Amino acid sequence: TGRNTANQRTERTTRKRTEEEMVQESAMFHEIELILLFVAMLFLFCCNFGIIGPVGNTISGVLFGLFGVLAYVAPVLLFLAAAFWFANEGNPNALRKLVAGCVLFLMLGIFCELFAGHTAQMESYSAKTLYEACRDGKAGGGVLAEVYVSFYNIPWKPSERCLWCCSVRLSASFC
């Protein structure tokens with residue numbers, strides 16, 4: 001019986017060590033992912049300012065074409081969203097908050113597009129033209145937000161734009 005008790009203690013200790021090692025490996029994996037995401041964020045951020053060269057300018061063009069003026073903050077927000085996700089893994093409210101943040105980001109892009117007025121200046125809708133206008137001018141809300149604005153194709157007055165954006169912002173805050 002003494003021998004069985006010793007074996008059981010050894011087994012429990014081994015299991016406990018294995019669980020601790022798994023937790024440490026998981027934490028280390030998340031830290032490595034965050035470091036890699038931080039490096040990617042710095043790379044994308046430097047691309048937006050023309051520091052990387054021709055490849056960086058191409059990547060910057062894609063970011064500005066998709067997100068418009070929000071391309072300056074998109075890499076930072078992507079990193080913060082990933083860090084938030086890793087820190088709150090398993091929390092059911094974390095996904096809801098991330099989705100609300102993405103909706104807010106889209107609404108900010110719509111707000112930028114409404115004031116840039118690319119869609120109001122177009123005679124007919126063209127995603128390619130919208131993409132190129134944002135990429136070359138580094139303005140507006142990007143093609144993602146412009147698609148939403150052009151879907152309604154309403155000739156907006158500046159006061160209507162502010163009213164619409166504020167109402168959308170208020171409704172997004174209730175998510």
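Each reported figure results from applying straightforward, stated rules to the coordinates on display, with no laboratory input. Since this is a predicted model, take the numbers as computed values, not measurements. Ideal geometry is used to build each Cβ from the backbone, glycine not excepted, and the neighbour counts take in all protein chains shown.
Summary table below
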item: Local electrostatic count, Asn48, Cβ distance below 13 Å [Lys/Arg +1, Asp/Glu -1]; result: +2
item: Bins of 5 Å, starting at 0 and running to the largest distance - Cα pair percent for the range 67-110; result: 5, 23, 27, 23, 13, 7, 1
item: Karplus-derived HN-Hα couplings along the range 88-94 (A = 6.51, B = -1.76, C = 1.60, θ = phi - 60°), whole Hz, x at Gly and Pro; result: 10, 4, x, 7, x, 7, 5
item: log₁₀ of I(q)/I(0) at q = 0.14, 0.22, 0.24, 0.27 Å⁻¹ - the range 13-84, Debye sum with one point per alpha carbon; result: -0.53, -0.90, -0.99, -1.11
item: Gain in span if fully extended, Leu98 to Glu20, counting 0.36 nm per residue against the direct Cα distance; result: 25.1 nm
